[in-house]
C-alpha cells in the first residue's frame, strides 16, 4: 500500500492509476498536448464513454471480454484527466454566443444540424426544408 499526501493507495488502486497515467502518456505521444474548448472535450469524452458502453452491450451478449471493458474505462478516465489538465492550464473560456461558422471545436456536421428544423415537442432535428415534425406532425421552429 502506498501513500500520496494523506491518501492511502492499495495495490488495486495503484494499478488502475498507473494504467491511466500510461494511457495519458500514449495520448500525449500520439496527439501532443491538447487544448480544446470544453464543448470539444465533451464530445471526446462522450465518444470514449460510448465505446465503453458498446463493450458492455457486446459483452452482455457474448462479445468482448472484461479486458476490453477495462481498457475502455481506462481511456475514459485518461480523457477526463486530459480535460482536467486543459481546464487547469487554460481556465474556463469566456461564454460566447453561438453563430453558424464559429469553430469552437464543433464539427461541420454539428454546424449543419443548426440549420435543420427542430421540433419543440420531440426535440428531434428534422431534414433540411422540412416544415413539419416527422414524429408528431407539429410545425417546426427553424
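Go through the range 35-59 and give me each residue that's under 14 Å from the mean Cα position of the chain (by Cα) and not in a helix (DSSP H, G or I).
36, 37
From (1) in a loop (DSSP other than H, G, I, E, B); (2) without any contact (Cβ under 8 Å) to a residue 24 or more places away in the chain; (3) surrounded by 12 or more Cβ atoms within 10 Å (Cβ to Cβ), pick out the condition that doesn't hold for residue 62.
Unmet for residue 62, out of (1) in a loop (DSSP other than H, G, I, E, B); (2) without any contact (Cβ under 8 Å) to a residue 24 or more places away in the chain; (3) surrounded by 12 or more Cβ atoms within 10 Å (Cβ to Cβ): (3).
Bear in mind these aren't lab numbers, they're just calculated from the coordinates by the rules spelled out. For clarity, every value in this text was computed on a predicted model and none was experimentally measured. Heads up, the Cβs are rebuilt from the backbone with ideal geometry, glycines too, and the neighbour counts pull from every protein chain shown.
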